[in-house]
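A short write-up of the structure that comes next.
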Amino acid sequence: MLTQPTQLIIIGGGPAGYTAAIYAARAGLNPVVYTGPQPGGQLTITGDVENYPGYRNGVLGPSMMEDFKAQAERFGTIIKEGTIVKVDFSVYPRLLILDNGQQVTAQAIIIAAGASAKWLGLPSEKRLYGRGVSACAVCDGFFFKNETVVVVGGGDTAAEESLYLSKLCKKVHLLVRKGQMRASNIMQNRVSSKENIQIWFHTEVKDILGQETVEGVQVIHVKSNQLDVIDATGIFVAIGHQPNSAPFLPYIAVDDHGYIQVTPGRTHTNISGVFAAGDIQDIRYRQAVTAAGTGCMAALDAERFLQDQSVDSIFKNL
Ligand code: NDP
């Protein structure tokens, strides 16, 4: 059943979505947030967050997201569980279809559905997540100061994570599954010239060792089939991210990697009245604080849109 159009729907309940909700609710836009399959976003599966300003003693990721949510609710945001699985942006008000089949419409939409780290798919990786297994060196590298860690991947992210960790850790083992890295030449040169980064080509992770925390990484050298154990207390999986943009295709313009394209320095997408914030439009920074920043921008852009646009002029833009 189709309900009355909502003024503003925010898709995603991570730092970007909740920040957009706080701003929009305070501006009287009566936002509704659909939290998606992982309410709270990627931070709900992390441990301590020490780099989000305002928490001088650090904060647990899930607890921080509870604070974001409560702050959004305080100003009247309606928060609903549910995932948007399909959209029709050829109509106005814009149409969204939920995983339970329900259809909702909105005059303006902020897409803040995030991105998901790609994982190796090992049971030990899941079990030890947040206890030595991470996908974010900037978030968790500090916990491995002067220790030995492993980074998996051969792209620019793996190179960047290795370089970041090499400044904190005693030793970084970079595991590349092919005979060469995919990263840009400049990043490869930087990684190769770091004395405490050891690159292992043709090497894959077989298992992550340890019961409570990571105690080592079992690897296989694929050319010889030889098994080895690297003594390490941390493993950073850097094999790419997947922006959660699939439900918005084919209407929304995305780049070659599936990240939503926005007007530089703004949050406007190619569809009038649809804005994007957070990791779904950010291949580069992917931090909670940058997501929150773009969430704020999207709410201000949506507010301006709702103020400026008469329904007639929107129809002309369809
Ligand atoms: P990429 O897709 O470029 O690279 C992923 C890497 O992970 C590849 O080397 C791939 O290996 C490897 N990999 C994939 N699956 C596995 C697996 N199961 N086991 C082991 N290794 C695996 O992802 P990135 O996140 O590195 O980069 C994405 C985009 O973002 C790129 O365009 C990159 O240039 C850009 N970027 C730019 C930055 C910058 O400009 N500062 C920083 C970070 C990213 P294989 O090569 O064998 O397929």
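The values are calculated or read from the model by the stated rules, or taken from the named source; none is laboratory data. The structure presented is a predicted model; accordingly, all values stated were derived computationally and were not measured. Neighbour counts run over all protein chains shown; Cβ positions are idealised from the backbone, glycine included. With ligands, DNA and RNA removed, areas are computed over all heavy atoms of the protein, side chains included. Shrake-Rupley method; radii C 1.70, N 1.55, O 1.52, S 1.80 Å.
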May I ask you to say which residue of I235, I220 is outside any loop (DSSP other than H, G, I, E, B), open to solvent by less than 10 Å² (accessible area, probe 1.4 Å), within 16 Å of the ligand (Cβ to nearest atom) and under 19 Å from G154 (Cα atoms)?
-> I235
Scan segment 260-290 for residues that are aliphatic (A, V, I, L, M), modelled with pLDDT of 95 or more and over 19 Å from R26 (Cα atoms) and jot them down.
-> I260, V262, I271, V274, A276, I280, V289
Pairs where the first residue, in segment 117-128, is modelled with pLDDT of 95 or more and the second is surrounded by fewer than 16 Cβ atoms within 10 Å (Cβ to Cβ) and aromatic (F, W, Y), C-beta under 7 Å, 6+ apart = E125/W119
Output the residues belonging to segment 123-140 that are out of contact with any strand residue (DSSP E or B) (no Cβ under 8 Å at 6 or more places or on another chain) and within 21 Å of Y285 (Cα to Cα).
-> G130, V138
Tell me, yes or no, whether segment 297-315 has at least one residue that is away from the ligand (no atom under 16 Å from the Cβ), under 29 Å from L60 (Cα atoms) and open to solvent by 20 Å² or more (accessible area, probe 1.4 Å).
-> yes
Every listed condition ((1) more than 19 Å from the chain's Cα centre (by Cα); (2) open to solvent by 80 Å² or more (accessible area, probe 1.4 Å)) holds for E66 save (1)
Members of segment 21-55 found to be assigned to a loop (DSSP other than H, G, I, E, B) and closer than 14 Å to A298 by Cβ, listed by number = A27, L29, P31
For segment 274-291, pairs from a residue that is more than 19 Å from Y55 (Cβ to Cβ) to a residue that is away from the ligand (no atom under 14 Å from the Cβ) and among the aromatic types (F, W, Y), with Cβ under 9 Å and 6 or more apart or across chains, are V274/F89; V274/F248; V274/Y251; F275/F305; A276/F248; I280/F248
Give segment 241-263 a look and list any residue that's open to solvent by 20 Å² or more (accessible area, probe 1.4 Å), in a loop (DSSP other than H, G, I, E, B) and either on the phi > 0 side of the Ramachandran plot or within 16 Å of the ligand (Cβ to nearest atom) (or both), or say none.
-> N244, D255, D256, H257, Q261
Keeping to segment 148-162, report how many residues are charged (D, E, K, R) and more than 6 Å from the ligand (Cβ to nearest atom).
-> 1
Please determine, by comparing only the residues of segment 185-208 that are crowded, with 18+ Cβ neighbours inside 10 Å and assigned to a strand (DSSP E or B), which one is farthest from the ligand (Cβ to nearest atom).
-> I197
Segment 163-184 - residue that is within 11 Å of the ligand (Cβ to nearest atom) and small (G, A, S) and, of those, farthest from D140 (Cα to Cα) = G179
